[in-house]
Amino acid sequence: LLAFYQVKYKDFVHALKLALDGVKEDTEAYQIAENIVAGYTAAARVAMSHNMERAFCIAPTANTSFQYKDMRGYITTPEISPPIARNVIRVSETCQQVDVKYPPDCETAAEVGWDVYFDLICQWQRLMNITGLAHSISANWWSDYVVMNESFIDQWLKSNLLSLYYALPVLGEAAGLSEDPLVCSSCAE
């Protein structure tokens, strides 16, 4: 969605913060964020009308995302995360091999950066929390991008995030694999 509308993750995260704070901005990123907030608000009303205690989470869905295509015919990205590379050959012991092609103009994890991604998942958790029906984001730690140390743990504990799921290496494309597909045999299921 962001690539289709030529919106950078950083700009979207900024716009999502504004939308959650009720501050308007006249940008494409803000229109997307505002519509997502409105969608969650409407979905929360439906969930409450059915007496649901929880309605929102983000779970690891790489294999599921490979089953869907975007408006231009490219594979959708997993969860709300940027892809680890634009071309991935997904090899799994439990599933068949899948050749994945993301849009050529989408940002990869290495281009987005950990700080922007971390801010995104914190803001998205905030969005879910506002509804009163949140579960959690099963967030991935980018194991080859950021060091798991006391500073990381402190940042995590001060955030509103509840679940750290996979240690996911994301720097394949940044390591010179932008032309060739990244072969991924240990990707998140």
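The values are calculated or read from the model by the stated rules, or taken from the named source; none is laboratory data. Owing to the predicted nature of the structure, the values given are computational and were not obtained by experimental measurement. Using ideal geometry, Cβ is built from the backbone for each residue, glycine included, and neighbour counts are taken over all protein chains shown. Side chains are part of the model used for accessible areas, which takes the heavy atoms of the whole protein and leaves out ligands, DNA and RNA. Shrake-Rupley method; radii C 1.70, N 1.55, O 1.52, S 1.80 Å.
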Ignoring ligands, DNA and RNA, what percent of the 1.4 Å accessible area of the chain is carbon and sulfur?
-> 52
Compare the Cα positions of Met48, Tyr145, Ser65 along the charge dipole of the chain (+1 at Cβ of Lys, Arg; -1 at Cβ of Asp, Glu; about the Cα centre) and return the one farthest towards the positive end.
-> Met48
Mean Cβ neighbour count within 10 Å, used as a protection proxy, ranking 45-55, 126-136 highest first | 126-136, 45-55
Rank by packing, highest mean first: peptides 27-38, 75-86, with packing defined as the count of other Cβ atoms within 10 Å averaged across residues.
-> 75-86, 27-38
Options (i) 48, 35, 29; (ii) 57, 37, 28; (iii) 45, 41, 33 are given for Cα extents along the principal axes in Å, and the computed one is (iii)
Given charges at beta-carbon only (K, R positive; D, E negative), |dipole| of the chain in Debye = 560
Find the accessible area per residue for the chain; the probe is 1.4 Å, ligands and nucleic acids are left out, and the unit is Å².
-> 55
